[in-house]
Amino acid sequence: MEITIARDDTKQDIRLTTVSLSHNNQDKISLFRCISCGSSISQYGGTVIKIYPILEPCLDVLVINKCHDCGALYTFQTRQSHTHTTRVILFANPLFGLQTFRCYLCRKELLKYDTSHIVDLVNLKEITLPHSLICECGSSYLFSDLL
C-alpha cells in the first residue's frame, strides 16, 4: 500500500491491519487490543468481524492508530454483517521469525506462527488453515489464510 505522509513528498509502503466492525452490539463499548503485543489501541462499539493484514478499500475516512508498544498500525472500518465470528488473515513476516496472534479483547495468546507452521495454543497442536478457534473470553475466530 502506498501512503503519502503529510508534509512529505515521498511515498512509502507500510504494513497496515484493517479491522472491520459491524453494527451488532453497538451499545457495548469494548477495548481493542493489539493482536501482536496485547496493548490497548482503541475503543469501539459494535462487533469485530474481520482482521486483515492489508488496507481494504472503503469509503470511510482513513484514520490510522499506532500501537505504542510494538508500532503496529491499524485502521477501523464499518461493514454490514450479522456474523459473530471474526475472520482473520495472518501475515507472517520472515524478518520477525516466530509471531504471536493474541485475542483483541482479553490479550490471551491464541496462535504462534511463522512462514511455514501454525500452532494453536488453546488446543496445543499444529494446525492447517482454515481453522476455527474460540477464546476463553468467548471471542470466536476463523483463521482463513496466511500471507
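The values are calculated or read from the model by the stated rules, or taken from the named source; none is laboratory data. Predicted, not measured: the structure shown is a model, and the values here were computed from it. For neighbour counting, all protein chains shown are included, and Cβ atoms are generated from backbone atoms with ideal geometry for every residue, glycine included.
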Exercise. For region 79-90, what are the residues that are in contact with a Ser or Thr (Cβ under 8 Å, 6 or more places away or on another chain) and at pLDDT 95 or above?
Worked result: Thr86, Arg87, Val88, Ile89
Problem set entry | Members of region 102-147 that are hydroxyl-bearing (Ser, Thr, Tyr) and closer than 20 Å to Thr17 by Cβ | Tyr104, Tyr113, Thr115, Ser139, Ser140, Tyr141, Ser144
Problem set entry | Residue count, region 50-84 (criterion: more than 26 Å from Ser132 (Cβ to Cβ) and of a type in the set (Asp, Glu)) | 2
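Quick check on this structure: which one of Tyr74, Tyr44, Tyr52 is modelled with pLDDT under 95, closer than 22 Å to Tyr141 by Cα and crowded, with 17+ Cβ neighbours inside 10 Å?
Within the list Tyr74, Tyr44, Tyr52, the selection yields Tyr44.
Suppose the filter is of a type in the set (Ser, Thr, Tyr), out of contact with any helix residue (DSSP H, G or I) (no Cβ under 9 Å at 6 or more places or on another chain) and surrounded by 12 or more Cβ atoms within 10 Å (Cβ to Cβ); does Thr128 pass it? Outline the logic, then answer.
On the way: of a type in the set (Ser, Thr, Tyr): yes; out of contact with any helix residue (DSSP H, G or I) (no Cβ under 9 Å at 6 or more places or on another chain): yes; surrounded by 12 or more Cβ atoms within 10 Å (Cβ to Cβ): no.
Answer is no for this residue.
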For this session: Test Ile64 against the criterion of being at pLDDT below 95, over 12 Å from the mean Cα position of the chain (by Cα) and closer than 22 Å to Arg15 by Cβ, and give yes or no.
Result: yes
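State the number of residues belonging to region 15-26 that are loosely packed, with under 15 Cβ neighbours inside 10 Å, within 14 Å of His84 (Cα to Cα) and either touching a residue at least 60 places away in the same chain (Cβ under 8 Å) or among the polar types (S, T, N, Q) (or both).
Going residue by residue through region 15-26, those that are loosely packed, with under 15 Cβ neighbours inside 10 Å are 15, 23, 25-26.
Okay, now just the ones that are also within 14 Å of His84 (Cα to Cα), so 23, 25-26.
Keeping just the survivors that are either touching a residue at least 60 places away in the same chain (Cβ under 8 Å) or among the polar types (S, T, N, Q) (or both) gives 25-26.
Of the residues in that region, 2 qualify.
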